[in-house]
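Colleague: First the structure, then my questions, so here it is.
Each reported figure results from applying straightforward, stated rules to the coordinates on display, with no laboratory input. Predicted model, so just to flag it, every value in this text is computed and none were measured.
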Amino acid sequence: LEPARRRRALLSVLVEAHADVLCLQEVEPEVFEHLASGLEPLGYAGHYGQKRRGRPDGCATFVRTERFEAHHAKVLHYADGEGRGGDSGHVALMVTLGAADLSLGVANTHLRWDPPEVMEEDRWAIRQVAALVAAMAGDGGEWIVCGDFNVSPGDPALAHLERAGFADAHRSLSRWPTCCANGQGQTLDYLCHSSGLVAAPAQVADIRGVTLLPSPAHPSDHLPLCAQFAAAAR
């Protein structure tokens, strides 16, 4: 748990992934600066979206500039506080990319957790997903949306994404835990895509029976989700 050790290990995991786009959540500004200092010399451009309401972290997206030209990055601050005494402060970091003839966007978000007893119409995650779908629909291109959604498979928040035309990139694989929270393996993280894309997902590491994360092999308590994407045949 020592911060400097974890930062070095996290940077190593990101470099070894050889991904064109890297999306992280719950990233403090000083961690973003550390990762940027290691990734920028390797050809990545970093973008950061800070949460509000005094929260210490945000979302970070790194784009390999040799592969994509990042046209625009914006932070969607969820206006989700109606009847809740104020907005949550959570955000989505939305980056549009130049990719041949394809208009492509990547939305990186960390949805706020709701206790199980909260009614569907009052849940933070439902409001945030609705706002994110509306923001992506206004762009008109293809989208990848990913992050820590803080919901289990089959949750109404995921159903809202599905109704908007998004599919879980890992739906064809065995559904294993994506994180270890309070000593329990849970599936809370997702990598989804719009209908104009097809995904070739990588299997998530199997941590069933593992109760200690972070670990030397996994410097976060959440596992990376990886997939290759291509334009769907017309």
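Colleague: Tell me which residues come under 5 Å, amide H to amide H, from ASP87 once H is placed; ignore anything under 5 positions away on its chain.
Modeller: For ASP87, the qualifying residues are GLY81.
Colleague: So what J values fall out for segment 212-229 if you push phi through Karplus, 6.51 cos²θ - 1.76 cosθ + 1.60 with θ = phi - 60°, rounded to Hz, Gly and Pro as x?
Modeller: Taking θ as phi minus 60°, the curve returns 10, 9, x, 9, x, 7, 10, x, 10, 7, 10, 8, x, 9, 10, 7, 9, 10 Hz for segment 212-229.
Colleague: Okay, moving on. Pick out which of LEU197, LEU158, LEU173 has the largest mean-square fluctuation in a Gaussian network model of the chain, springs linking Cα atoms closer than 10 Å.
Modeller: LEU173
Colleague: Length gain on complete extension for the stretch GLU30 to ASP139, per 0.36 nm per residue less the alpha carbon to alpha carbon distance?
Modeller: Details: separation 109, 0.36 × 109 = 39.24 nm, distance 3.14 nm.
Taking GLU30 through ASP139 to full extension adds about 36.1 nm, to one decimal.
Colleague: Can you list the residues, at least 5 places off or on another chain, whose amide H is less than 5 Å from the amide H of HIS110, using H built in the peptide plane?
Modeller: VAL91
Colleague: Segment 77-213: Rg/Rh from Cα coordinates, Kirkwood Rh?
Modeller: Numbers: Rg = 15.5 Å, Rh = 16.0 Å.
Computed over Cα atoms, the ratio is 0.97.
Colleague: Moving on. Among rounded, prolate and oblate, which fits segment 100-172 when a ≥ b ≥ c are the square roots of the eigenvalues of its C-alpha gyration tensor, a/c under 1.5 means rounded, and a/b larger than b/c means prolate? Display every interim value, and only then the final one.
Modeller: Details: a/c = 2.26, a/b = 1.79, b/c = 1.27.
Because a/c hits 1.5 or more and a/b exceeds b/c, segment 100-172 counts as prolate.
Colleague: Under the Karplus relation 6.51 cos²θ - 1.76 cosθ + 1.60, θ = phi - 60°, what is the ordered set of whole-Hz ³J(HN,Hα) values for segment 69-81, x standing for Gly and Pro?
Modeller: For segment 69-81, the Karplus curve yields 9, 6, 7, 7, 10, 9, 10, 8, 8, 5, 8, 10, x Hz.
Colleague: OK, next. Please express the shape of segment 1-71 as an equivalent ellipsoid: the semi-axes are the square roots of 5 times the eigenvalues of the C-alpha gyration tensor, given largest first in whole angstrom. Please report the intermediate quantities before stating the final value.
Modeller: Details: eigenvalues 81, 52, 15 Å².
Output for segment 1-71: semi-axes of 20, 16, 9 Å.
Colleague: Among the DSSP beta bridges whose two residues both lie in the chain, what percent are antiparallel, rounded to the nearest 5? Spell out each step's value before the answer.
Modeller: Details: 44 of 51 bridges.
Counting only bridges with both partners in the chain, antiparallel ones make up about 85 percent.
Colleague: Across segment 145-156, in residue order, what do the Karplus-derived ³J(HN,Hα) couplings come to in whole Hz, using 6.51 cos²θ - 1.76 cosθ + 1.60 with θ = phi - 60° and x for Gly and Pro?
Modeller: 10, 8, x, 8, 8, 6, 9, 8, x, x, 5, x
Colleague: Quick one: the Cα spread of the chain along its three principal axes, in angstroms, biggest first?
Modeller: Between the extreme Cα coordinates on each principal axis of the chain lie 45, 45, 37 Å.
Colleague: Another question about this same structure. Could you tell me how far the Cα centroid of segment 87-165 sits from the Cα centroid of segment 21-86, in Å?
Modeller: Centre-to-centre (Cα) distance: 15 Å.
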